[in-house]
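Notes to accompany the following structure.
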Amino acid sequence: MGYDSTKLKGLFSRVHNNKMIEDKEKGLFDEKDIKAYVKKVFNDGGSTPDPSLLHQFNTLVVETADEIAKPMVTNMLGYFANVDQKPRGQVVQINIPKKNKAKVIWSANGSGVDLVRVAGKDKEMAAPATFSTGFYYEPIDLVTDTVAAFRELVNDVANAKVRLYLDEIYKLVDAAIASRKIPTANVADGSGLTTADYNKVASTLQRYGGRPVFVADTLLIDHFAQDKAGSQPELVPENVKEELYTSLNITNIGRTTAVNLTNPFTDGTNTKTELPVNRGYMFAGSVTQKPLSVIEYGGMRQFTEQNPEDERVKIKLVQEASVKFLFGEAIGVLEDDAITL
């Protein structure tokens, strides 16, 4: 027997957002209902779920996670790329600023990185590619601690989508550094980078106008901010000194603005984070088109199967998107091997 997907999606959203309803007059008991639905899908967690119910459950999990992922993608990737959502099949034209003319465009797809020559162009068409990732979950967790396990599952799917894009962006940036499409003057890497190294990259990007923005983990931002204050204490204003000593997130390093990335631990021993702590990116302040473009076509789709040996439920996530590296002149990369957790 099927269930109303629209009503279930509303239930899923309320449970995840901690807005569960308990209303006797309307007959709404969200916590009770989500537990009953999970039990219907997975029974006691040790038997094979009905394939149609399992597919519906996973589809609704992915749709709920997709809504959560949208602002996460925009907020995190917004520093690196212009992010947009379009319907499947729509052709999108990307305008490249004329003062940042692209010699080469690197285009990411599911199988690797393709090189497409577009010398002299200031426009490019976004071609969607199919990206995929996957993970698994244990049905017994959902049966045992339904609400907490459900929220964790939805968050895992949303984070998987963000990681999918970040992995492609890092791949493109690495390729652009190796091919020098990001100029050598824009890159500082080594061990024990100093304020002088930082300022050199900042001075390069200042020539494009505006105040450069440095996006990095708190550890790397603190390193450069404290190095600058220690090397030239007589030049540090009192308000900056106060920020260095009292602020959780430093927002100014010399003539640049610092943006602290949200970078949580991904293991139980606090030894691994979502993003590298020793690499940061600097962007010219006045460039309207970001160095990268992310255009998302439609939402995530899922394909489900259950492993008959360990009974884990495996989900393959699929997303159509265009992820392109447009130009490298207005992006800087700073990587310090001495910065560790």
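Within the option set 196, 188, 202, 158, being at pLDDT below 95, of a type in the set (A, V, I, L, M, F, W, C), outside any loop (DSSP other than H, G, I, E, B) and open to solvent by less than 20 Å² (accessible area, probe 1.4 Å) holds for one residue only, 158. Residues in region 299-341 that are of a type in the set (A, V, I, L, M, F, W, C) and within 14 Å of residue 173 (Cβ to Cβ): 323, 325, 326, 327, 330, 331, 333, 334. Out of curiosity, is residue 339 aliphatic (A, V, I, L, M), at pLDDT 90 or above and assigned to a loop (DSSP other than H, G, I, E, B)? In short, yes. Of all residue pairs spaced 6 or more apart or on separate chains, none has beta-carbon atoms under 6 Å together with a first member in region 178-198 that is of a type in the set (Asp, Glu) and a second member that is assigned to a helix (DSSP H, G or I). Applying a threshold of 6 Å to beta carbon distances and a minimum spacing of six or more residues, or different chains, the list of pairs starting in region 81-95 at a residue that is on the phi < 0 side of the Ramachandran plot and touching a residue at least 40 places away in the same chain (Cβ under 8 Å) and ending at one that is open to solvent by 40 Å² or more (accessible area, probe 1.4 Å) and assigned to a loop (DSSP other than H, G, I, E, B) reads 81/290; 82/290. Just so you know, in region 226-248 the residues that are exposed (fewer than 11 other Cβ atoms within 10 Å of the Cβ) and of a type in the set (A, V, I, L, M, F, W, C) include one that is modelled with the highest pLDDT, and it is 248.
The strands (runs of 3 or more DSSP E) falling completely within region 249-333 that include 3 or more residues that are open to solvent by 10 Å² or more (accessible area, probe 1.4 Å) and in contact (Cβ under 8 Å) with a residue 24 or more places away in the chain map to 256-260, 292-306, 313-325.
Of the helices (runs of 4 or more DSSP H) lying entirely inside region 1-112, the ones with 3 or more residues being touching an Asp or Glu at 6+ places or on another chain (Cβ under 9 Å), at pLDDT 90 or above and of a type outside the set (Phe, Trp, Tyr) are found at 5-16, 30-42. In region 113-131, how many residues are open to solvent by 70 Å² or more (accessible area, probe 1.4 Å) and at pLDDT 85 or above? Residues meeting the conditions: 2.
Here's the yes/no breakdown for (1) among the hydroxyl-bearing types (Ser, Thr, Tyr); (2) crowded, with 16+ Cβ neighbours inside 10 Å:
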| position | (1), (2) |
| --- | --- |
| 13 | yes, yes |
| 32 | no, no |
| 37 | yes, yes |
| 40 | no, no |
| 45 | no, yes |
| 60 | no, yes |
| 64 | yes, yes |
| 71 | no, no |
| 77 | no, yes |
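So in region 306-341, with the set limited to residues that are acidic (Asp, Glu) and more than 21 Å from the chain's Cα centre (by Cα), which one is nearest to residue 54 (Cα to Cα)? Out of the qualifying residues, it is 311.
The values are calculated or read from the model by the stated rules, or taken from the named source; none is laboratory data. Since the model is a prediction, treat every value here as computed from it, not as a measurement. Neighbour counts are summed over all protein chains in view; Cβ atoms, including those assigned to glycine, are modelled from backbone coordinates with ideal geometry. Keep in mind that these areas ignore ligands, DNA and RNA; they rest on the heavy atoms of the full protein, side chains included. Shrake-Rupley method; radii C 1.70, N 1.55, O 1.52, S 1.80 Å.
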